[in-house]
Structures are given as structure tokens and as C-alpha cells.
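Scroll down for the structure; my scribbles are underneath it.
Since every read-out is calculated from the coordinates, none of them should be taken as a lab result. Quantities reported herein were computed from a predicted structural model and do not represent experimental measurements. Backbone-built Cβ (ideal geometry, glycine too); neighbour counts: all protein chains shown.
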Amino acid sequence: MSSNNLFSALRAAFPADLTAVAVETDEGLRYSWQDLDRATGMMANLLQSLDLSEGSRVAVQVEKSVEALVLYLACLRAGCVFLPLNTAYQSAEIEYFIGNAEPAVVVCSPANFGWVSKLAFKAGTQHVFTLGDDRTGSLLERAAHHSDQHTPAARQADDLAAILYTSGTTGRSKGAMLTHGNLLSNAFTLKDYWGWKKGDVLIHALPIFHVHGLFVAIHGALINGSKMIWMAKFDPKRVIARMQEATVFMGVPTLYVRMLAEPTLGKAAVKNMRLFIAGSAPLLIETFTEWQQRTGHTILERYGMSETAMLTSNPYAADKRYAKQSERRGGTVGFPLPGVSLRVLGDDGQALPVGEIGGIQVKGPNVFKGYWRMPEKTAEEFTADNFFKTGDVGKVDERGYVVIVGRSKDLIISGGYNVYPAEIEGYINEMAGVAESAVVGVAHPDFGEVGVAVVIAKAGATVQPEAILAELKAKLANFKIPKRCFVVAELPRNTMGKVQKNLLREQHKNLFLA
Ligand code: MCA
Ligand code: AMP
């Protein structure tokens with residue numbers, strides 16, 4: 001029985017006409033539903049031929065392509081656990097993930113095969129394949145020898161479908177274990193809540209290694225049998241140009257900011273569009289309002305996490321539970337999705353009344369199973385009555401809308417990517433001549449927020465800000481590099497000796513603003 005395999009549910013939603021176009025790339029390549037079915041079948045057969053043990057991880061760091069999508073679906077189909085990795089990660093980052101997850105299979109881009117395979121074999125991985133974004137690589141060559149007929153592996157709702165690495169509230173990156181049941185429930189809930197309908201076409205312009213692009217967007221389209229216009233990289237001009245053929249778009253706030261800078265964005269360009277969805281980072285009210293004025297569309301903002309997929313959403317249509325509210329309110333992330341319980345707690349652990357600000361906790365069928373091989377960390381992040389502590393700080397307003405006002409976790413969200421100050425500070429503190437450092441997030445017109453590093457040199461040592469940034473660049477994913485670095489005499493501290501990051505944020509708050 002395979003009824004709880006997420007792939008089976010997605011496959012069941014394919015339209016009756018399998019010759020119709022399922023995915024069209026911006027370069028004009030077309031893949032039918034039958035192509036997706038057959039290609040995932042071949043790749044799933046390849047994975048099964050490797051005789052992997054139950055629960056084997058398949059770690060993937062490849063450029064976005066339709067074949068990369070096929071690989072994800074084939075993992076689900078074969079019952080493997082998919083582990084996507086940001087293409088910006090460099091060797092030290094990849095070494096950690098592979099060492100921690102111990103994947104049986106690693107798939108990387110042909111250009112990275114040398115160093116990735118070395119790390120993988122060291123960690124005990126048996127199989128390393130390559131996949132290029134131009135339909136090249138050993139994965140496709142090997143899959144071509146397999147049958148395109150494949151029965152999806154039997155999976156139960158509680159079986160793992162994917163592991164997504166995230167730093168959560170503190171410390172080193174942790175693998176959030178998401179089950180077939182978690183992802184299925186979220187996909188069905190969003191299909192209904194966002195009013196997906198026949199004829200919808202999604203412009204997919206996000207990376208496919210995080211929840212937004214991988215689950216919310218892909219599952220959203222597939223579970224509705226909807227075509228995707230597939231863009232390997234976000235280009236505001238191209239997205240606007242293709243809106244005539246589409247109805248739904250999803251993006252992080254930076255994508256909306258960049259599209260607003262295009263003169264071609266206007267009512268004519270969006271005339272066939274039904275819905276614009278934003279999330280992953282706070283959408284500024286200015287962006288929300290300007291989008292409304294320019295396009296006549298009200299962006300629907302929603303909120304989620306790697307550990308939980310989507311939690312809340314502004315309404316698409318009237319939400320019966322909240323006095324039939326149908327207004328999408330800027331500056332809010334809307335209502336808890338059907339099936340999600342959300343509460344706001346004070347420092348004393350007591351539930352707070354409407355309008356008061358505290359820590360957000362959630363519970364629901366979408367909430368993950370725990371952190372990979374970290375039972376103590378998992379236990380710390382759940383309450384006794386099984387609510388997950390999000391690390392986000394907010395309130396529920398008098399009309400039931402959830403408002404996020406900040407985070408208790410020390411996290412910078414830059415262009416929709418998470419940057420953990422502790423990780424960057426760790427690297428800086430190890431550099432020659434550095435005594436100490438603090439990395440803080442400050443407002444940025446394009447990325448929403450970016451990191452700024454403030455560094456103290458050791459007595460008698462001289463350190464150059466440019467040299468610090470250059471050294472970081474050689475070791476870390478590019479989006480994590482602070483956009484500015486200052487070397488100063490001392491860091492502000494409170495009476496306990498703790499660095500007062502709020503004062504640093506205040507000091508540098510206008511650094512990137514006009
Ligand atoms: C690129 N750069 C960045 C970022 N992206 N700097 C800070 N933050 C970023 N996000 C820098 C690079 O380091 C580089 O600098 C320069 O910009 C150009 O790099 P490039 O890769 O060409 O940039 P881009 O193509 O313009 O990318 C910007 C982007 C991208 C399109 C906004 O960051 C993006 O796709 N973001 C979406 C992330 C996402 O999908 N998040 C969802 C997470 P230099 O030249 O100096 O090296 S899922 C999630 O959060 C939850 C669960 C949810 O609710 O959805
Ligand atoms: P990730 O670790 O990538 O899953 O990022 C999850 C975090 O992104 C959440 O805990 C929030 O802090 C943030 N986030 C996601 N969506 C929104 C939103 N619409 N507004 C504010 N923050 C958001």
C-alpha cells in the first residue's frame with residue numbers, strides 16, 4: 001500500500017491528459033506530465049537498484065533544472081529521504097552536512113565532483129552521481145538504463161520524506177526531519193486555502209533547496225495538476241514578461257522589491273494573474289502598498305519554517321473561522337492555517353491575551369518529527385504538551401491576525417536566506433589578530449536585512465576589514481558574508497558583560513538606507 005507516499009498523492013493529481021505540458025523552462029523546453037512520470041520512474045528504479053537500506057538519505061547540491069526536480073520526485077517515489085543543499089555552500093559547509101547526515105547517495109554538479117566525492121567517500125557514502133543543469137551527468141546516464149515503470153514505495157505518514165538543515169534557535173545546523181504526512185497535510189491545506197483551481201499556472205523562480213521553492217511552490221502546483229513556468233534563476237524582467245501566461249507567483253520579499261524597480265510592471269503585465277504570495281522574511285508595508293498601487297493586486301503574506309512548512313496565511317477568500325475575514329492585511333502573516341494551533345506565551349510560560357507580544361508556539365500535522373540524531377535538542381524545542389517553540393516573537397491581534405514583531409533567536413534573514421551570526425562570528429574569531437567579533441543584522445533596501453561585522457583586534461595586532469571579509473568569502477556561502485565590516489576598539493556590553501547587539505544594530509541602522 002503506498003497511499004501515504006507523497007509522490008503517489010502528487011501523481012494522482014496529474015491531469016488526465018498526460019501529454020499536456022507540466023513544466024516549461026524559460027528557455028522553451030517542455031516536459032509533459034508523461035515525461036515527469038517516466039523520468040521519475042527511471043530515476044526511482046535507479047535508486048532502488050542501489051539496494052539502499054530503509055531511510056537512506058540522498059544529499060543533493062545541484063543547480064536548478066527540471067532534472068533536479070525529477071530527482072526530488074524520484075527520491076519520494078523510491079522512498080528515499082531527500083536532503084537538499086544550497087548551491088552556495090562551500091566545502092567546509094558541505095563537509096559538515098555530509099558528515100552529519102551520512103547520506104548513502106550524493107548528487108553534485110559535474111564541476112564539483114572532485115571535492116564533493118572526496119568528502120562523501122570519507123563520510124562513508126557509497127554512491128556519488130553528477131547532474132548538470134544542461135541535462136548532463138552520470139545520474140541521467142545511469143537512469144537511462146532503467147525501466148520507466150515503477151510502483152511507488154510504500155510509505156507511512158510518519159516515514160521521513162526530507163531532511164532540511166536549519167540552525168533553529170541556537171548552535172550548529174540541525175537537520176529538520178519532515179515526514180510524508182507533514183508535507184502531504186500542508187500541500188492539501190494550501191491547495192484549499194489558496195483556492196488553487198483548474199487552469200492555474202505557477203511561475204517558479206525560487207531556488208529548490210528550501211521549503212519555499214521545494215515544497216510550497218512545487219507541491220502547490222503538482223497537487224493541483226498545474227503547469228509550472230520554470231526559471232533557473234530569478235530575473236525580474238523575465239518574470240514580468242511571462243506573467244501574461246501565468247496565474248500564481250510566489251516569492252521572498254526581495255523578489256517583489258526587484259520587480260517594483262522594473263518599469264514594465266503594471267496592470268497590463270499582471271492582467272491574467274490571480275495570486276501573488278510572499279513569505280520567508282518580513283514583507284515591508286511599503287512593498288505591500290506599492291505593489292497594490294502598481295498592479296491592483298494585494299500580496300498574500302504567509303509565514304512558515306523549515307521545521308513546520310507553512311503555519312499561517314492571510315486569507316485568499318473569506319475565512320469562516322475569523323468572522324468571514326477575507327482581507328489580506330499588510331504587516332501581518334494572517335491566520336493559523338486550518339489544523340494548526342498557534343499560541344503566544346509570555347516569559348513566565350503563560351498564554352498571553354490578544355494583542356500582547358510573546359513567543360510563538362505551534363502544533364499541527366505539519367510540524368516536523370524532530371532534529372536528525374539530536375533527541376535532546378528536539379526535546380528542548382518542544383513543550384510538555386507538544387507545542388513547537390518557533391523562536392519567533394509576535395502577537396495575535398483583535399481580529400485574529402498573527403503579527404511577527406521579531407525573533408528571540410539570533411538570526412538574520414537576508415534576501416530570504418538565513419544567516420546565523422554565531423556561525424560567522426566563530427569564523428572571524430579564529431582569524432589571526434582577532435580578539436572578538438559581533439555580527440548584527442541591519443536594514444537593507446534590496447535584501448531586507450544584511451549582516452554587518454564589528455571586530456576587535458587583539459592587543460598590538462592590526463586587522464583590516466577587507467581582509468576579514470575576503471577570508472570569510474573563501475570559506476562560506478556568499479550570502480552569509482557581512483556586507484560591511486568595522487574594526488573598533490571595544491564592543492558595547494551590559495553589566496553582565498554580554499555584548500549589547502541592540503546598540504550595534506541601532507548604531508548601524510542607516511548604513512544602507514538612503
Ligand atoms: C545573493 N547575494 C546575497 C543574497 N543573494 N546577499 C545577501 N542575501 C542574499 N539572499 C549576494 C551574493 O553574495 C553576491 O555577492 C551577489 O549578491 C550576487 O549573487 P547572485 O547569486 O547572483 O544573487 P541573485 O541571483 O541576485 O540572488 C538574489 C536572490 C536570492 C534572487 C534574492 O538570494 C534568492 O533566490 N533568494 C531566495 C531565497 C529563498 O528561496 N528562501 C526561502 C527559504 P558577491 O558578488 O559579493 O559575492 S524557505 C523559508 O525561509 C521558510 C520556510 C519560508 O517561510 O518560506
Ligand atoms: P527557515 O529557518 O528558513 O525555515 O526560516 C524560518 C523563519 O523565517 C521563521 O522562523 C521566521 O523567522 C521567518 N519567516 C518566514 N516567513 C516569514 C514572514 N512572512 N514574516 C516574517 N518572518 C518570516
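A DSSP coil position with no more than 16 other Cβ atoms inside 10 Å describes the following GluC sites (Glu not before Pro) in the range 363-467: GLU398, GLU430. Pairs with C-alpha atoms separated by more than 28 Å, drawn from the list LYS271/LYS363; LYS409/LYS483; LYS233/LYS480; LYS363/LYS498; LYS191/LYS271, are LYS271/LYS363; LYS363/LYS498.
Against the 2.2 N^0.38 Å scaling, with N counting residues, where does the range 99-242 land? I'd like the Cα-based Rg ratio to two decimal places.
Compared with the compact-globule rule of thumb, the range 99-242 sits at 1.22.
Apply the Karplus curve 6.51 cos²θ - 1.76 cosθ + 1.60, θ = phi - 60°, to the phi angles in the range 148-159 and return the couplings in whole Hz, x for Gly and Pro. So the Karplus estimates, Gly and Pro as x, are 8, 9, 7, 8, x, 4, 5, 10, 9, 4, 8, 6 Hz. Per-residue packing, averaged as other Cβ atoms within 10 Å, sorts the ranges 131-139, 326-334 into the order 326-334, 131-139, beginning with the highest. Each other residue within a Cβ distance under 12 Å of GLU93 adds +1 if Lys or Arg and -1 if Asp or Glu, for a net charge of +1. For ASN4, the residues whose amide H sits under 5 Å from its own are ARG155, ignoring neighbours fewer than 5 places away on the same chain, with H placed 1.01 Å from N. Three principal axis extents describe the C-alpha atoms of the range 282-360; from largest down they are 45, 27, 26 Å.
Here is the short version for the chain: CYS108, CYS485 have no other Cys C-beta closer than 4.7 Å.
Expressed to the nearest 5 percent, the antiparallel share of DSSP beta bridges inside the chain is 60 percent.
Which value at 222 nm does the chain reach when only helices count, each DSSP H run of 4 or more adding -39,500 (n - 2.57), with the total divided by all residues and rounded to the nearest 500 deg cm²/dmol?
That comes out to -8000 deg cm²/dmol.
Over all Cα atoms in the range 93-153, the spread is summed up by Rg and Dmax: 13.0, 37 Å. In the range 53-183, taking the dipole from charged Cβ atoms about the Cα centre, the farthest positive-side position among LEU83, LEU73, GLN149 is held by LEU83.
Taking the empirical scaling 2.2 N^0.38 Å for compact globular proteins as reference, the range 421-514 has a Cα radius of gyration ratio of 1.04.
In the chain, the convex hull through the Cα atoms has an average projected area of 24.7 nm², a quarter of its surface area. Take every DSSP beta bridge whose two residues both sit in the range 225-328; close to 45 percent of them are antiparallel. For ARG407, the residues whose modelled amide H falls within less than 5 Å of its own, excluding neighbours fewer than 5 places apart on the same chain, are VAL393.
Could you size up the charge dipole of the range 327-400 around its Cα centre, putting +1 on the beta carbon of Lys and Arg and -1 on that of Asp and Glu, and report it in debye to the nearest 20?
Details: 10 positive and 11 negative charges, 77 e Å.
For this selection, approximately 380 debye.
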